[in-house]
1. Out of (1) touching a Cys at 6+ places or on another chain (Cβ under 9 Å); (2) away from the ligand (no atom under 16 Å from the Cβ); (3) among the β-branched types (Val, Ile, Thr), what's the single condition that is false for residue 262?
2. Tell me which residues, restricted to the stretch 15-52, are without any contact (Cβ under 8 Å) to a residue 24 or more places away in the chain and among the acidic types (Asp, Glu).
3. Any residue at all in the stretch 15-34 that is more than 14 Å from the ligand (Cβ to nearest atom), over 24 Å from residue 142 (Cβ atoms), at pLDDT 95 or above and not in a strand (DSSP E or B)?
4. Identify, from the list 192, 182, the residue that is touching a Pro at 6+ places or on another chain (Cβ under 8 Å) and β-branched (Val, Ile, Thr).
5. In the stretch 16-59, what count of residues is obtained for those that are among the basic types (Lys, Arg), farther than 25 Å from residue 194 by Cβ and surrounded by fewer than 17 Cβ atoms within 10 Å (Cβ to Cβ)?
6. Among what's in the stretch 90-132 and is among the charged types (D, E, K, R) and surrounded by 21 or more Cβ atoms within 10 Å (Cβ to Cβ), pick the residue that is farthest from the ligand (Cβ to nearest atom).
7. Please give the number of the condition residue 75 fails out of (1) of a type outside the set (Val, Ile, Thr); (2) surrounded by 18 or more Cβ atoms within 10 Å (Cβ to Cβ); (3) touching a helix residue (DSSP H, G or I) at 6+ places or on another chain (Cβ under 8 Å).
8. I'm trying to understand the selection: among the residues of the stretch 219-266, which are among the acidic types (Asp, Glu) and either closer than 24 Å to residue 48 by Cα or in contact with a Phe, Trp or Tyr (Cβ under 9 Å, 6 or more places away or on another chain) (or both)?
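The values are calculated or read from the model by the stated rules, or taken from the named source; none is laboratory data. Here the structure is a predicted model, which means the values were calculated and not measured. Heads up, the Cβs are rebuilt from the backbone with ideal geometry, glycines too, and the neighbour counts pull from every protein chain shown.
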Amino acid sequence: MTDEQRYQFDLWGYLHIPGALSEQEVEEAREASQRYVDTPVEDLPPGFGKDGKRHVHGFAFDKALERLALHPSVWPIVKELTKGRPRLSSGTLQVNIPGEHDVAQRLHCAKDDWGWDAVQYAVRDGRVFSDHIVVFPYLTDVNPGDGGLLAVPGSHKSMFERPRSLFNEGLVDDANQLPAGVVNITPKAGDVVIITEALTHGVLAWTPKDRNRLILVLRYHPQYQGNESFPDEIKERLSPETIELISKAGYGDEKEIVREDVVRFS
Ligand SMILES: O=C(O)CCC(=O)C(=O)O
């Protein structure tokens, strides 16, 4: 994590990395995603499924997507934020399809949803730690006015419960009328956004009629938290390095992949 990235992540609770993926990586990942989207549910390989815009375990559908979970532009950041003990707990492909009914998602965060103790955010020894982070690689462009991700910068450090009356009762549904304090993050294809789940965030409805929004939603926790969450059919498709990434491990264990800055699939 660079000094600039660490400062911004600590200040805002999120990081927007422009141009994190190469054009070829975006092209291959987009093609694979579209194949998942276009495949009827009954023809999907075992373990996959669709839940509205969520394409379950999408990161495992193709190596072009799986690679993004360990991409060199985010790997040092994931390692720092999890104190060198990362575990991927889910990897959904999310697609906002033009013309399909899409609704805004209210502002929320782990603290709002499950209580103040549901997520940790801390700075120790000059490094940032969070026990629930989400990495969003963007595979298509989001332009101002399109919709998409909202955030309340700095809210990850708030010591008070958010009064429900604030920010239009938490329901923000017009990109052109954002309440003061709320920003709409509009990444281009190939950008990556990283948030801590301590950050208050939401989503504007997707408005373009001719373009979709394709993102991966990759969730990471420390390796000693939570339960393993992938069915065997999905695990069988993954490279050994990704298997290590999704595996639980003890507080004192160090995964081999953590010793690498660039993880290559064997
Ligand atoms: O759609 C997005 O940009 C964010 C999704 C999100 O916040 C979530 O899945 O909890």
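1. Here residue 262 meets the rest and fails (1).
2. 27, 38, 42, 43, 51
3. So in the stretch 15-34, the residues more than 14 Å from the ligand (Cβ to nearest atom) come out as 15, 17-34.
Adding the requirement that they be over 24 Å from residue 142 (Cβ atoms) leaves none.
Looking through the stretch 15-34, none of the residues is more than 14 Å from the ligand (Cβ to nearest atom), over 24 Å from residue 142 (Cβ atoms), at pLDDT 95 or above and not in a strand (DSSP E or B).
4. Matching residue, one of 192, 182: 192.
5. 1
6. Within the stretch 90-132, the match that is farthest from the ligand (Cβ to nearest atom) is 131.
7. Among (1) of a type outside the set (Val, Ile, Thr); (2) surrounded by 18 or more Cβ atoms within 10 Å (Cβ to Cβ); (3) touching a helix residue (DSSP H, G or I) at 6+ places or on another chain (Cβ under 8 Å), residue 75 violates only (3).
8. Of everything in the stretch 219-266, those that are among the acidic types (Asp, Glu) and either closer than 24 Å to residue 48 by Cα or in contact with a Phe, Trp or Tyr (Cβ under 9 Å, 6 or more places away or on another chain) (or both) turn out to be 228, 232, 233, 236, 241, 244, 253, 260, 261.
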